[in-house]
Each structure stands twice: as C-alpha cells, then as structure tokens.
Amino acid sequence: MNRQNLVVCGLTLKSTFAVLLVLLLGAAGASQAEQFGVQVAAGVGDHHVRTLDLGVVWDPNLTWWQIGDWHFALLGEAHVAWWHTNEGNVHDNIGEIGVTPVIRFIRSSGSVRPFIEVGAGVRLLTSPRISSDFTLGTACQFAEMAGVGLRFGAREQYVAGYRFQHVSNGGIKEPNPGINFSQLYLQYHF
C-alpha cells in the first residue's frame, strides 16, 4: 500500500471514529432508555490474527414471535475494528469498518436473560492482503456470525457474550479463503 492509500485509510478510520463518537454522545442524551449502546470485543482468528472491535448498538425494541418465555429481537450494530498479526509480511495491521443487523432469540424476562444470536453484515478493510501468501481477494467483505450471551443488570443494561464470526468476500473475487474469528464481547446500553 503506497503512502497516499495509507493516508486515505487513516483519514477514513479517523472519520469513522468521529462519527461513532458523535453517535455515542447523541445516544447518551437520548430520552429512550436502552435504545442505544456501545460494544467492545476482542478475539483471535486464523493465521494468528487478533482483533479489537469497537461498536455502537441500536436496539429499536423490535420484537416478534413469542415462544413461551422467549422472543425474537432485531438489533443493528456498527463496527470499527483493528486486526493485528505478527505473521503479516505485507500488513501487520488492518482496519475494518462495517454494519451488521443481528437477530436475537432472547428470554423475555428475568434478572439474567440468556440468548442466542445470528447476524450477517458488510465490512470494508483497509487492505485485503495480510501476507504474501494470505489475501482475502477484495477489501469489500461479508461477515456472518453466530453467538450466545446474557443480558443482565438492574436495568438490563449489560450484555456479555461469545461470537464465532466468518469474514469472506462471498466469492466476488479469488482468492477467497475467508478468515474465522472467536470473539468475546461486552455491551452497555444507555
């Protein structure tokens, strides 16, 4: 990646952080409790890639299909992530931005509410090439995930969970090896 592309990627990531900060400050002042939140996640992936993910969570309180004491809920997430590996002989660090709609099947009541979740979204990477022998083909990627977790707290403001995430370009361009991540995450809802 030449210097001009590095500057553009850096500005893109800084702009994304600024937008997330504005959304965060706006969400903190929102009158509807538990509608917005923040997320931090850390994980490990194939090829010894470690990831740190910061996100904004939107819970529009869309629920449907009550099954006993459980129901489905729809959430939206926006992410900014950093990938790092010591094995990258081209790029040790890669930035990622993206959005993911998430469907949760969650217990409807209780002080601790377990759930399972799935989601699929889009990601844009600062570079698809990690090393001379590992590239994801394109900067545009798709991210599918499945996870489990718990929602808890006096106002149900905390969420803790585990996610398995697969990132690939969906066959848009070869090579398309994809990369898998295992992540632990925490959310706080305002």
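Anything in the stretch 103-128 that is under 25 Å from Val80 (Cβ atoms), surrounded by fewer than 18 Cβ atoms within 10 Å (Cβ to Cβ) and not hydrophobic (A, V, I, L, M, F, W, C)? List them, or say none.
Within the stretch 103-128, no residue meets the criteria.
Considering each of Phe142, Phe134, Phe181, Phe164 in turn, give the residue that is crowded, with 19+ Cβ neighbours inside 10 Å, under 14 Å from the mean Cα position of the chain (by Cα) and among the aromatic types (Phe, Trp, Tyr). Reasoning before the result, please.
On the way: Phe142 fails: crowded, with 19+ Cβ neighbours inside 10 Å; Phe134 fails: under 14 Å from the mean Cα position of the chain (by Cα); Phe164 fails: crowded, with 19+ Cβ neighbours inside 10 Å.
On inspection, the qualifying residue turns out to be Phe181.
Any chance you could count how many residues in the stretch 151-161 are exposed (fewer than 15 other Cβ atoms within 10 Å of the Cβ) and either in contact with a Phe, Trp or Tyr (Cβ under 8 Å, 6 or more places away or on another chain) or touching a residue at least 12 places away in the same chain (Cβ under 8 Å) (or both)?
Summing the residues that are exposed (fewer than 15 other Cβ atoms within 10 Å of the Cβ) and either in contact with a Phe, Trp or Tyr (Cβ under 8 Å, 6 or more places away or on another chain) or touching a residue at least 12 places away in the same chain (Cβ under 8 Å) (or both) in the stretch 151-161 gives 2.
Take the stretch 43-94 and flag every residue that is of a type in the set (S, T, N, Q), surrounded by fewer than 19 Cβ atoms within 10 Å (Cβ to Cβ), touching a His at 6+ places or on another chain (Cβ under 6 Å) and under 20 Å from Thr135 (Cα atoms).
Our first condition is that a residue be of a type in the set (S, T, N, Q); within the stretch 43-94, this holds for 51, 61, 63, 66, 85-86, 89, 93.
Next, only the ones that are surrounded by fewer than 19 Cβ atoms within 10 Å (Cβ to Cβ) stay: 61, 63, 66, 86, 89, 93.
Among the residues that remain, those that are also touching a His at 6+ places or on another chain (Cβ under 6 Å) are: 63, 93.
Asn93 - this is the single residue of the stretch 43-94 that is of a type in the set (S, T, N, Q), surrounded by fewer than 19 Cβ atoms within 10 Å (Cβ to Cβ), touching a His at 6+ places or on another chain (Cβ under 6 Å) and under 20 Å from Thr135 (Cα atoms).
For the stretch 37-49, name all the residues that are within 18 Å of the chain's Cα centre (by Cα) and at pLDDT below 95.
Selection gives Gly45, Asp46, Val49.
Could you count how many residues in the stretch 123-140 are of a type outside the set (A, V, I, L, M, F, W, C), within 15 Å of Ile172 (Cα to Cα) and in a strand (DSSP E or B)?
Matching residues across the stretch 123-140 total 2.
Can you tell me which residue among Val7, Val56 is touching a strand residue (DSSP E or B) at 6+ places or on another chain (Cβ under 7 Å) and either more than 14 Å from Tyr188 (Cβ to Cβ) or modelled with pLDDT of 50 or more (or both)?
Val56
The values are calculated or read from the model by the stated rules, or taken from the named source; none is laboratory data. Remember, predicted model here, so these are calculated numbers, not experimental data. Ideal geometry is used to build each Cβ from the backbone, glycine not excepted, and the neighbour counts take in all protein chains shown.
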